Amino acid sequence: MINKKTVFVSLLIASGTASAEQLKGGYPGCISEDLFDQMVSALVKKDDRAVGYLLKNGCVMAKSGLPITVLDRGWGTSKVRVYIGDQSVVLWTNSENIQ
């Protein structure tokens, strides 16, 4: 069984490898669309308390270069599978975070 928490934490520290598509980095990624919407709202409002909470409870600022598969690309928001070694986690992130 994949340990999602380990994969999720690895997003913070892993260095990426070459891939057709990868994360640019510097953008939030969250394990649900609802959490991502909350993070975007907190960032727009400059609500540091909410951002801090979300970064500890389902959201990350992922490193650049992490390989991904785009699962769904919407206007402004995309659902991606991020790979860390032989494990992965699905995140919602800004479409601008994809390169």
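Do any strands (runs of 3 or more DSSP E) entirely within segment 19-87 hold 2 or more residues that are open to solvent by 70 Å² or more (accessible area, probe 1.4 Å), and if so, which? Spell out how you get there, then give the answer.
Numbers: elements: 28-30, 59-61, 68-73, 77-84.
Counting at least 2 such residues, we get 68-73, 77-84.
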Being touching a helix residue (DSSP H, G or I) at 6+ places or on another chain (Cβ under 9 Å) and within 18 Å of VAL44 (Cβ to Cβ) is the filter; apply it to segment 75-99 and report the residue that is modelled with the lowest pLDDT. TRP75
Inside segment 64-98, can you point out the residues that are under 17 Å from MET39 (Cα atoms) and basic (Lys, Arg)? LYS79
Would you please list the contacts, defined by Cβ atoms under 6 Å and residues six or more apart or on different chains, that run from a residue in segment 26-50 that is under 11 Å from THR93 (Cα atoms) and touching a residue at least 24 places away in the same chain (Cβ under 8 Å) to a residue that is in a helix (DSSP H, G or I) and aromatic (Phe, Trp, Tyr)? CYS30/PHE36
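Report yes if some residue within segment 44-66 is touching a Lys or Arg at 6+ places or on another chain (Cβ under 8 Å) and either at pLDDT 95 or above or of a type in the set (A, V, I, L, M) (or both); otherwise report no. Give the derivation first.
Quick first cut of segment 44-66, residues touching a Lys or Arg at 6+ places or on another chain (Cβ under 8 Å) only: 64.
Checking which are either at pLDDT 95 or above or of a type in the set (A, V, I, L, M) (or both) leaves us with none.
So far as segment 44-66 goes, no, none of its residues is touching a Lys or Arg at 6+ places or on another chain (Cβ under 8 Å) and either at pLDDT 95 or above or of a type in the set (A, V, I, L, M) (or both).
The values are calculated or read from the model by the stated rules, or taken from the named source; none is laboratory data. If you're wondering where the values come from, they're calculated on a predicted model, not measured in any experiment. All Cβ positions, even for glycine, are placed from backbone atoms using ideal geometry, and neighbour counts span all protein chains on display. Ligands, DNA and RNA are stripped out before the accessible areas are found, and what is left, the full protein with its side chains, is counted by its heavy atoms. Shrake-Rupley method; radii C 1.70, N 1.55, O 1.52, S 1.80 Å.
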